[in-house]
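Participant: Pasting a structure here, questions to come.
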Amino acid sequence: MNFLDYAVVLIYILGFLYLGRLFKNNSSGEDYFLGNKQFGWFPLTVSTAATQLSAISFVSAPAFVGWREGGGMKWLTYEFAVPLAMAFLLVYLIPPLFASGQISVYGYLEKRFGGSTRRLLSGFFLLSRGFATSVMLYTVALILSGVMGIPMTASILVMGVVTLIYSLQGGMKAVVYGDVIQMGVLFLGILIMLGFGLHLLGGWGSFLEQVDTDRLSVVDWGKMGYGAQDDFGFFPMLIGGFFLYASYYGTDQSQVQRLFSAPDRKTLGKTLLFNGLFRFPVTLIYCIMGLVLGTFALSTPAFAEAIPAARPDYLVPIFIRDYLPHGVVGLLVVAIFSAAMSSLSSGINSLSAATVEDFFASRRKLSTEVYLRYSKYAVGFWGVICVGLAFFTGGIADTVIEAINKITSVFFGPILATFIAAIGLQRINGRAASVGLLAGVAVNVILWLGVPELFWFWWNAIGAVVTLAVGLTWSLFDANIATATSATADDIGESISREDWRLVMILVVFFVLIVLFSVYFPNFFA
């Protein structure tokens, strides 16, 4: 990097510091954490996508597709379940949660199961999201340090402090509109690398002649997610992925907070629809970028030799460093910063919302002044925690990233089942729900420790089924079953409009289309 590259990074940093000041006036807790529910579907959708496309995905997914041993376009199977999960959220989970008027998604559980269940699930969210955010920050800094020569301490502090300042000042408005800007920079960066990679290869035709055809296959109908290297099969990715994404988008505060920021049901429906439609094409583009960069590395010995054998994730940043002109290098470093800061700002804001709502405001009435003061204290606290933990993640980061995915899959299914019970299963009371939740988590832990051959995507489905089964069974022997305090199936059905069902049909058709596209994807390169 030279002076021009650092100038681009500096301008970006100053711009986001200004963004925080631009939105610093917040009149209430709803304003601070939900942006006064004034967002349209487009910024909410792009903000969600920006959080999903983290810096780790931006770097790791293309490396998996184009360079990592055993990788390839099967990465696309991660996206199959997303449209179906959005359809489920649209017709079952989100409408009653949205109608409840909560800021924290876990507040709904107190209405059904009591404050202990609320705080239990919120506490898990705080621990897991705080730890995951710090690992993400450390990993990005590690890559920038190892490839770009930017000191790790400087990377962590720049990303952490700048994000903390604009998140602290501007609240949800700064987070969402910042995400829109960051997603634009990130997508531009993907297109730039794709264009330069094709140019260096000699064009699309030359790329088609040289691409490794073994990496083009997407769908594997035979793998069922049991046995050594038996992952990325169609059925485990679809079924396990459905429970994973329904839980993540429908019960994780970092995602649901955006849905709660919609002004009305129409905006909410469009946000869920475009979340279901947007991910696949964006993922497809950066996966093809990975194919192009991997093909270029195979045809360029100097590039291939520069990538450490133990660190295939260096594919993207080494390409940026060695094959892009100055100025563009700075822009691509900004793209990596953007992906990291988007995930960090969303994490800090949602951690703060859950802390204030579930552990302070739920216990006693807070004035607007006190609520806003607590909110900013919480943002500062979690910002310092996430940045501070990033310095102590150390050499365990490579294993922790995979472990975090497994840890969340231990809990995602049981948590989703708990919300399903709260909304639609009147017979399950707080005690039965807690027993079911603990049973689902326990079974998943046993599977993790005792059945390592089982692909972890399955835990999401198994944990949900066990939680509901145990909860319903326990309620048969519990005299204190819940009364009619949850939404019944009829109530849920009545709350779904004809327009909602039209959106569901679009999502189902889109699911069929992306599966068909993926099945025939290798033929496009023949």
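The values are calculated or read from the model by the stated rules, or taken from the named source; none is laboratory data. Only a predicted model underlies this, so the values are computations on that prediction, with no experimental measurement involved. Positions of Cβ are generated from backbone atoms using ideal geometry, with glycine treated the same way; all protein chains shown enter the neighbour counts. Note: accessible area is taken over every heavy atom of the protein model, side chains too, but ligands, DNA and RNA are not part of it. Shrake-Rupley method; radii C 1.70, N 1.55, O 1.52, S 1.80 Å.
Participant: Can you give me the % of accessible surface on the chain that is carbon or sulfur? Probe 1.4 Å, all protein chains present, nothing else counted. Walk me through the numbers on the way to the answer.
Facilitator: Working: 13250 of 20030 Å².
Ligands and nucleic acids excluded, carbon and sulfur give 66 percent.
Participant: So what's the gap between the Cα centers of the range 448-462 and the range 126-202, to the nearest angstrom?
Facilitator: Here the answer is 31 Å between Cα centres.
Participant: Determine the sum of side-chain charges near residue 354: Lys and Arg each +1, Asp and Glu each -1, restricted to other residues whose C-beta is under 12 angstrom from that of residue 354.
Facilitator: Its environment carries a net charge of 0.
Participant: Sort the range 32-115 into rounded, prolate or oblate with this rule: let a ≥ b ≥ c be the square roots of the eigenvalues of the Cα gyration tensor; rounded if a/c is under 1.5, and if a/c is not under 1.5, prolate when a/b is larger than b/c, oblate otherwise.
Facilitator: In terms of gyration-tensor shape, prolate.
Participant: Now, a different point. Over the chain, with the other protein chains present, what is the accessible area per residue in square angstrom, probe 1.4 angstrom?
Facilitator: That works out to 38 Å² per residue.
Participant: What angle, in degrees between 0 and 90 and rounded to the nearest 10, separates the Cα long axis of helix 55-66 from the longest principal axis of the Cα atoms of the chain?
Facilitator: Taking the Cα atoms of the chain, the angle to 55-66 is about 60 degrees.
Participant: Looking at the range 21-102, which GluC sites (Glu not before Pro) are in a loop (DSSP not H, G, I, E or B) and have at most 11 other Cβ atoms within 10 Å?
Facilitator: Within the range 21-102, the qualifying GluC sites (Glu not before Pro) (loop, at most 11 other Cβ atoms within 10 Å) are 69.
Participant: Where a ≥ b ≥ c are the square roots of the eigenvalues of the C-alpha gyration tensor, would you call the range 240-373 rounded, which needs a/c under 1.5, or, failing that, prolate if a/b is larger than b/c, or oblate?
Facilitator: prolate
Participant: Dividing the Cα convex hull volume of the range 1-158 by residue count, how many Å³ per residue is that?
Facilitator: With only Cα atoms used, the range 1-158 gives 184 Å³ per residue.
Participant: Still on this model: Provide, in order from the shortest bin, the percent of all Cα-Cα pairs of the chain in each 10 Å bin, continuing until the bin that contains the maximum pair distance.
Facilitator: 4, 18, 29, 28, 15, 5, 1, 0
Participant: Okay, moving on. Let me make sure I get this right: for the range 180-294, a, b and c are the square roots of the gyration tensor eigenvalues over alpha carbons, sorted descending. Under 1.5 in a/c it's rounded, otherwise prolate if a/b > b/c, else oblate. Which is it?
Facilitator: Values: a/c = 3.09, a/b = 1.30, b/c = 2.37.
Oblate.
Participant: Longer than 27 Å from Cα to Cα, which of 111/365; 24/111; 365/406 are they? Say none if no pair is.
Facilitator: From 111/365; 24/111; 365/406, over 27 Å: 24/111; 365/406.
Participant: How high is the relative contact order of the chain? Use alpha-carbon pairs under 8 Å, at least six apart in sequence, and give a whole percent.
Facilitator: 31 percent
Participant: Spin-label point model (7 Å from Cα, Cβ direction): what's the residue 526 to residue 363 distance in nm?
Facilitator: Roughly 6.6 nm, to one decimal.
Participant: If you take the charge dipole of the chain about its Cα centre, with +1 on Lys and Arg Cβ and -1 on Asp and Glu Cβ, which of 245, 374, 33 is farthest toward its positive end?
Facilitator: Farthest towards the positive pole: 374.
Participant: Just how far, in whole angstrom, is the range 14-75 from the range 318-351 if you go by their alpha carbon centroids?
Facilitator: Between the Cα centre of the range 318-351 and that of the range 14-75, the gap is 12 Å.
Participant: Would you kindly find the accessible area of residue 214, with a 1.4 Å probe and non-protein molecules such as ligands, DNA and RNA excluded, rounding to the nearest 10 Å²?
Facilitator: 120 Å²
Participant: What angle do you read, to the nearest 10 degrees and between 0 and 90, between the alpha-carbon axis of helix 368-392 and the longest principal axis of the chain?
Facilitator: Rounded to the nearest ten degrees, it is 40.
Participant: Residue farthest toward the positive end of the dipole of the chain, with Cβ of Lys/Arg at +1 and Asp/Glu at -1: which of 262, 156, 438?
Facilitator: 262
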